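Accompanying notes for the structure given below.
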Amino acid sequence: MISHQSQATQPVENQNSERVAVLLAGYGEVQSYRALSIYNQAATKYIASQFVPIPEWLYPLAGWFLSLQDLYNFGVKHDHFISPENEIFEKQRFGIEEQLQNQWGNRVEVFKGFYFCQPFVQKVVANIIEQGFQNLLIYPMLVVDSAFTGKIAVEQVNEVIAAKVTHNEPQYFPFQEIRYIPAFATEPAYIDLMVRRIKETLNQLFVDRFMKSQIGIILTVHGGPEKAQGLLTGVIDGQALYDAVAAQLQHEYPLVSIGWVNHDTPFINWSQPDLKQAAKSLIKAGAKTILFKPLGWATENFETILDVEDAIQSLQRQYPTVTYTRLDCVNDDPDFLKIAAEWANPHIEAMLSVPQHHEHLETRRLDFD
C-alpha cells in the first residue's frame, strides 16, 4: 500500500510545484537620485530604443544625460521630489495578496518587481525560480498595455529563462505554466470604478459652486509617439478607456476631454491634445474649474503628479480666474484591490488545476546530465 505524504511533509520543491507565484510588475521610480542613471539606462533600453534607433553602446551615455535632466526636474525645479510610487506599489502587492490568500491560502504568493529600479523584475523572477515555484502569473500593474509597458515584464522574464539555459540543458523550463494578465483599460469593473469615484469627487468638491456645464473634466492617459516602428504604443487602449469613461459622464458633465501626458522628444510627434491643450479647449467652452483625473495609471508617479502640476501652474498664469484640481490614481483603493485580485483568480484556478508532472520534469532534467 502506498501512503500519501501530507503537504506539510512533502519536499519544498513539490509543495511549490502546486503553488502560484503572482508577479506584480511596474516601472518603479528611484528613491535616491544616485540611482537615476541606472534607471534611465534601463528606460532607454526597454522603451526609448523601441521608437528611436539607439545603439546598445549608447545606453549608458543616454542614461547619464537623462539623469542630469531628472536631477534638475526633481531636485531643483520640484524641491527634491521623491515619487510615492514604490510605497504605493507595496500596498497594492500586500492588498492583492491578502485578497488572493483569502481564497487560495498559501498556495498563492504575490511578488513585486520593477522594470527600472530595485527590486528588478529579473532578480525577483530568479528568486521565484530558486524557491521552486512551477507556476507564474505575470501581472503588470499598469492600466494601458503595449509593447512599451506590459510586454516589458514578459521580455524580462524571458531574459531570466534564457540566462539559465546551458549547453547541457538547452530546453530548460523553470515553470510548468506561465500566464499573463494584459491591460485592464477596457475592463468594465475598472471603468465603472473610475466613473463612480469621479462622480463622488464632483459631488464633494463642486456641489452648489458651479453648474455642471461649467465643470471641465480632463481624463489623463499616457501619450505615445505616432510612429513606433510598427509597435503599438498603448494609445489604442488609452483612447478606448477614455471613450468608455467619458460616455458615462458626458450626459451630466458635457465638458469632458482626454489629456495625453506626453514627453517632449525631438523629431517625435505625440498624441494630441496634451494637458494644456485640453484645458484651454474646455476653458474656451466655458469651464470655470478644471479637474484632472488620471485614468491610464493605477499608481501615483512623477507623471501623474509633476506633469499635471506643471500644466496647472502654466494654466494659472494664463487663466487666473479658473480653479484647478489634481486627483489621485486608484492606488490602494480597497475596491480596486478587490477587483484586481478577481482578475487573477481564473488564471490561478487554471494553473492549480493542471496536473503536476514532477516525475516527468525530474526525468527530463536528468536526461540532460
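The values are calculated or read from the model by the stated rules, or taken from the named source; none is laboratory data. Given the structure is predicted, the values throughout are model-derived calculations rather than measurements. Please note: Cβ atoms are built from the backbone with ideal geometry, for glycine as well, and neighbour counts cover all protein chains shown. For the accessible areas, the whole protein counts, side chains as well, though only heavy atoms, and no ligand, DNA or RNA atoms are used. Shrake-Rupley method; radii C 1.70, N 1.55, O 1.52, S 1.80 Å.
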Item to check | Ala240 being assigned to a loop (DSSP other than H, G, I, E, B), modelled with pLDDT under 95 and either within 17 Å of Pro188 (Cα to Cα) or among the small types (Gly, Ala, Ser) (or both) | outcome: no
Checklist entry - Do we find a residue being in contact with a Lys or Arg (Cβ under 8 Å, 6 or more places away or on another chain), closer than 30 Å to Ala48 by Cβ and basic (Lys, Arg) anywhere in segment 109-126? => result yes
Item to check | Residues of segment 255-279 satisfying the condition of being touching a residue at least 24 places away in the same chain (Cβ under 8 Å), buried (at least 17 other Cβ atoms within 10 Å of the Cβ) and not in a strand (DSSP E or B) | outcome: Leu255, Asn262, Ser271, Leu275, Ala278, Ala279
Checklist entry - Is it the case that some residue within segment 22-36 is part of a helix (DSSP H, G or I), surrounded by fewer than 20 Cβ atoms within 10 Å (Cβ to Cβ) and modelled with pLDDT under 70? => result no
Item to check | Entirely in segment 98-199, the strands (runs of 3 or more DSSP E) that have 2 or more residues that are touching a residue at least 12 places away in the same chain (Cβ under 8 Å) and open to solvent by 30 Å² or more (accessible area, probe 1.4 Å) | outcome: 108-114, 177-180
Checklist entry - For the subset of segment 211-226 comprising residues that are open to solvent by 50 Å² or more (accessible area, probe 1.4 Å) and not acidic (Asp, Glu), which member is modelled with the lowest pLDDT? => result His222
Checklist outcome for this item: Counting only residues that are in a loop (DSSP other than H, G, I, E, B), surrounded by 14 or more Cβ atoms within 10 Å (Cβ to Cβ) and at pLDDT 95 or above, segment 319-358 contains a total of 9
Item to check | Filtered residues of segment 280-308 (kept if among the hydroxyl-bearing types (Ser, Thr, Tyr) and in a loop (DSSP other than H, G, I, E, B)) | outcome: Thr299
Checklist entry - Checking Asp79 against (1) outside any loop (DSSP other than H, G, I, E, B); (2) open to solvent by 20 Å² or more (accessible area, probe 1.4 Å); (3) of a type outside the set (Lys, Arg), which single condition isn't satisfied? => result (1)
